[in-house]
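These notes concern the structure reproduced below.
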Amino acid sequence: MLVRLGLARPRTFFQLRSIVSTHGLTRKCPKCSSPLSTPLPACANCWSISAVPNDTPYHDIFSLPSGGNAFKIDTSLLKQRFREAQSVCHPDTWASKGENEEEAAQILSSLVNHAYQTLSNPLSRLDYILKTNGLPFAEDDRVEDTDFLANVLMMHEDLQEAESQQEVERIESEIEEQMSEGIDEVERLIGEQKWEQAKELGLKLRSLEGVRRASRNK
Amino acid sequence: MFRSAISRTILNASRPAVSRVTVRPALTRAYHEKVISHYERPRNVGSLPKNDIDVGTGLVGAPACGDVMKLQIRVDENGVISDVKFKTFGCGSAIASSSYMTERVKGLTLEEAGKIKNTEIAKELCLPPVKLHCSMLAEDAIRSAIRDYRSKRADMANPKQSGFIDVTQSAVTGETVATAHPGQN
């Protein structure tokens, strides 16, 4: 498959390992020990860079507190930290520093992107937090609350039958209102480490997300 | 309103996950013609009056895809499904799975309908592995509709008695006796 598409053969684990740092995230260059501006092992002093393991906690990548309430995130701080992180590991910066450096920068940078996307969206953030606490969303998860489902179904129907932009907007604002209430509640539940309940509520939020998606396609 | 709706069920433990049989992965195309046919011309779309005593309603939601599925059956006096309607909001495979299910269960007894496995739907529609959960949703929907119908009938067979007073008069003595039967609830 890869060969047919003309892609390079993926590196083996041993090749990859040489560019993955095992130092964890310290604010010190593992090579020259000079202080780093971000937790990422990318040093502009000795121009050494290494990737970090994929399971590096996303909060750590942006130096966000993960103890306490991992769901509660200062989004403007996250954005700022993301820009800083991206600027130290951008593959363009490392392209001229050698093949290993460029590849490490690519791995690091895509992890940073993914971590940012995950943490900035409340639903994927919840998904991530639940996963790290052993309760990931699964395909056979079901919303059990039939009253809630009937309400979701009704919103879908209203949306389908909506004839004016105002009607669509009215439904959209109802979705937004319910979602924001739900997200506040999720934050409270995560703070109290009520994972099961947070997950159940997360499933409902995902159903609402389904209505939101439908309204965008309207 | 949302808060009360969510907090109510938050306290209910979710049911245990049901293990599913996976089917052989479908080849090549993501959407088979049969899926497309059921998606473009879904059969039996609509609703039945959910308060009718001979109607069972199954309402299921699988948030992985944001899918919501409603499947309703009308059952005749012989316990045979005489009419089926569905409404599904979700991806093409979810719509096709429920449309296929409605065609499949019409004319079956409840027992037969309850035995239909998601693997059959997946195989028939050539669903790719990533869409297997859509067929599981259709299986859940028919079972939930059957359950709803049965619990309605059970309620009807054993209604909560309202209170009444039994008054009798003896034809011989002319004596009148009134006995109170208080309601059970």
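Numbers for the structure displayed
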quantity: Set of lysines near B:Lys87 by C-alpha distance (under 30 Å), chain-local residues within fewer than 8 positions excluded; calculated: A:Lys199, A:Lys204, A:Lys218, B:Lys34, B:Lys50, B:Lys70, B:Lys106, B:Lys115, B:Lys117, B:Lys123, B:Lys131, B:Lys152
quantity: Longest to shortest principal axis, alpha-carbon extents of region B:33-153, angstrom; calculated: 38, 23, 22
quantity: Where labels lie 7 Å past Cα in the beta-carbon direction, separation of A:Ser37 and A:Glu84 in nm; calculated: 1.0
quantity: Derived scalar couplings ³J(HN,Hα) [region A:88-95; Karplus, 6.51 cos²θ - 1.76 cosθ + 1.60; whole Hz; x for Gly, Pro]; calculated: 7, 10, 4, x, 4, 5, 9, 4
quantity: Amide H within-cut-off set for A:Lys28, under 5 Å, with H built and near neighbours excluded; calculated: A:Leu36
quantity: Net +/- balance of residues flanking B:His38 in space, Cβ distance below 13 Å, scoring K and R +1, D and E -1; calculated: +1
quantity: Heavy-atom SASA rank of A:Trp195, A:Trp94 (probe 1.4 Å, accessible area, largest first); calculated: A:Trp195, A:Trp94
quantity: Dipole-positive endmost among A:Ser173, A:Leu208, A:Met154 within region A:146-216 (Cβ charges, Cα centre); calculated: A:Leu208
quantity: Chain A: most fluctuating residue of A:Gly202, A:Gly182, A:Gly67 per GNM, C-alpha cutoff 10 Å; calculated: A:Gly67
quantity: Spin-label pair A:Ser76/A:Asp184, simplified geometry with 7 Å Cα→Cβ offset, distance in nm; calculated: 2.1
quantity: Cysteines in chain A that, by Cβ-Cβ distance, have no pairing candidate under 4.7 Å; calculated: A:Cys89
quantity: Charge dipole magnitude, Cβ of K and R +1, D and E -1 - chain A, Cα centre, debye nearest 20; calculated: 1700
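The values are calculated or read from the model by the stated rules, or taken from the named source; none is laboratory data. Just so it is clear, the structure is predicted and the values come from calculations on it, not from any experiment. In this analysis, Cβ positions are derived from the backbone assuming ideal geometry, glycine residues included, and neighbour counts consider all displayed protein chains. Only protein heavy atoms, including side chains, enter the accessible area calculation; ligands, DNA and RNA are left aside. Shrake-Rupley method; radii C 1.70, N 1.55, O 1.52, S 1.80 Å.
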